[in-house]
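The values are calculated or read from the model by the stated rules, or taken from the named source; none is laboratory data. Computed from a predicted model, the values in this text were never measured in an experiment. Here the Cβ is made from the backbone with ideal geometry for all residues, glycine too, and neighbour counts use every protein chain on show.
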Amino acid sequence: MELKIVKNSDYKGVLVNNNKKKALGKGMERLMQIYQSQSEQKNESAPTTLQRDPDYIPDCPILDIHPNKDQPRKTFSEEYLEELTQSIKTNGLLQPILTRKISDKYYEIVAGERRWRAAQRAGLKELPIFVKSLTDKDVLILSLIENVQRQDLTPIEEAKAYSLMIEDFNLTQNEISEAVSKSRATIANAIRLLKLPQEVQSLLNQFQITTGHAKILLSLDSGEEMIYFANRVVDENLSVRALEKEIKLSKEPGAVKMKPITPKNTDEQVVKSIETISQKWQTRFNTNVKIAHKENKGKIFIEYKSLDELESLTNLLFQE
């Protein structure tokens, strides 16, 4: 029997029978079953189901839980942690932390370090955890999958995560596609973003240009052209269609020669501030939120997965 992961309205990824397509390798299939089981506990409505799970410990001393020093995410927003701390004080820790045993007494965090940090601040002495038998490679892959599934990575961070899975862990694009519930074309296009010059990658990371702009820029012949037109997108607020038109005009005989342009709003402090605000929105509404900021203005994108969720978000926004 072959398996694959698909999306539906209730779950990010669900294992189903499929006799036509190649399944995940046994190792990746096992990791995805672990990840799916752990992530679904956030919406667990029957505590007895958890109590019957032999890998579940409902009251592990928080001092026995330690972070993973190789966790891909190295920075944690102070304001975001404070928001999460207040949520835990009010509602408790709703989702068990995924760990592995590293000694007779201690457990290492595989997924959920932010929740663990916030729980400490909230004064919790014990936490619910899952304990799985995992290798170092398993832990890194699951950490990467969690960050991608949460959709709180920038396009370049996501591309680097996919690249790491391929280069360090020898996964195929098809396996990554199955693991993160995205099409193989999406994975391939994301990885192509790493071909952009660093200056352009920085603009993309700061949401000053979009992935749509980036795809057009990748069609250019040189890094200098990519940088030039990326800076024009920022300086002139060009849409994707306008960028295509400008590139086409530049190829015509007698076109004006390229001149260096310095992009605006590349202040790292501004970028960090926008990231912090985005995380606060995500904590408040419990969904994915992206902020595209340019020259002291921008747009906020709030994700919803059903009409019921849209109604709940609307009620939260208008305090109904």
Review point. When only residues in segment 125-157 that are under 10 Å from the mean Cα position of the chain (by Cα) and in contact (Cβ under 8 Å) with a residue 60 or more places away in the chain count, which is surrounded by the most Cβ atoms within 10 Å (Cβ to Cβ)?
Key: LEU144
Review point. Any residue at all in segment 208-228 that is touching a residue at least 60 places away in the same chain (Cβ under 8 Å), more than 18 Å from TYR162 (Cα to Cα) and out of contact with any Ser or Thr (no Cβ under 6 Å at 6 or more places or on another chain)?
Key: yes
Practice item. Identify, from the list LEU203, LEU164, the residue that is surrounded by 22 or more Cβ atoms within 10 Å (Cβ to Cβ) and either under 30 Å from LEU84 (Cα atoms) or outside the structural domain of ILE62 (by TED's automatic domain parsing) (or both). Key: LEU203
Check your understanding: For segment 208-253, list the helices (runs of 4 or more DSSP H) that sit wholly inside it and hold at least 2 residues that are among the charged types (D, E, K, R) and over 12 Å from LEU196 (Cβ atoms); which are they?
Key -> 223-236, 240-250
Point to revise | LYS264 vs. criteria in a loop (DSSP other than H, G, I, E, B) and either among the charged types (D, E, K, R) or modelled with pLDDT under 75 (or both) | key: yes
Study note, to complete from the structure: Exactly one of ALA118, ALA122 is assigned by TED's automatic domain parsing to the domain that holds PRO54 and surrounded by fewer than 21 Cβ atoms within 10 Å (Cβ to Cβ), and that one is ALA122
Practice item. Quickly run through segment 272-304 and pick out the residues that are surrounded by 11 or more Cβ atoms within 10 Å (Cβ to Cβ), charged (D, E, K, R) and either part of a helix (DSSP H, G or I) or modelled with pLDDT of 75 or more (or both). Key: LYS272, GLU275, LYS280, ARG284, GLU303
